[in-house]
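See structure below.
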Amino acid sequence: MDRTIFQINTCVGRRLAGCCAMLLLLTCALATARVRAQDGTGDTAPDRARIAISMSCDAGGCNDVVSGLNDMLTTTLVRTHRFVVLERGGGLSDAAHEVDLGESSYANRRKVVKKGGMMGAEVLVRAAITAFEPNASGTRGTGLAVPSGIPVLGGMHFGSSDAYIAMDMRLIDVRTGEVIDATRVEGKASSFSVGGLGGGTIGKIGLGGGLDVYRNTPMEKAIAVLLDEAVQKLTDRIPARYFRHQAGG
């Protein structure tokens with residue numbers, strides 16, 4: 001009798017242990033799914049808004065950097081996993097060319113992408129650079145009067161440098177044309193730098209090389225601040241009803 005009771009208890013204990021183990025595994029799986037949903041890396045990623053970006057220069061000196069700023073904003077938005085960002089720059093022309101090539105006699109019709117599959121944006125982000133000031137204030141270069149308090153030593157001088165950039169954004173419902181919101185974002189940065197007095201173009205940053213010429217300068221910092229604020233405002237100001245898509249949909 002005692003032996004029978006012992007065997008029953010052992011069997012029940014094993015089953016309870018098995019159930020506890022399964023429950024623990026299920027709990028861990030659910031926790032992992034929640035984490036993936038929060039950071040956008042799992043199959044249950046949060047719903048996204050389907051948007052396109054159109055950027056222009058409405059300030060002096062920014063025509064040569066608009067394309068680079070548009071690319072940076074696109075990349076930043078994609079990495080948030082909160083937006084389906086549709087290409088509207090040169091990449092769209094390239095994609096359309098590939099589709100057209102598939103319609104030509106050069107392509108294997110069984111291995112091409114057919115026309116009619118591209119998605120449309122529900123929200124157009126119309127962004128305009130309204131201020132672009134790589135040297136908003138400060139003293140740099142040769143031939144300038146150096147204010148008192150800024151020391152000059154040998155062939156070098158110490159100077160402060162500030163940068164400022166601003167962008168106006170309108171959020172447009174593509175279906176109706178309604179401007180659903182409008183906002184302004186800014187980026188400001190300062191640094192205390194040491195520059196050699198080499199003459200020529202010192203203190204003047206050319207636009208020919210695009211954004212790369214601002215590497216390790218206050219303008220690079222100002223752009224980073226601007227992009228961060230832009231992404232935050234887009235996430236907050238696009239109404240919740242537009243966040244209803246998964247990646248690729």
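All of the numbers you see were taken from the coordinates with simple rules; none came from a lab. These numbers come from a predicted model, not from an experiment. We place every Cβ from the backbone using ideal geometry, glycine too, and count neighbours over all the protein chains shown.
Table for the structure above
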quantity: Relative exposure of Arg50, Arg110, judged by other C-beta atoms within 10 Å (fewest first); calculated: Arg110, Arg50
quantity: Peptide ranges 95-102, 128-135, 178-185 listed from the most packed, as the mean C-beta count within 10 angstrom indicates; calculated: 128-135, 178-185, 95-102
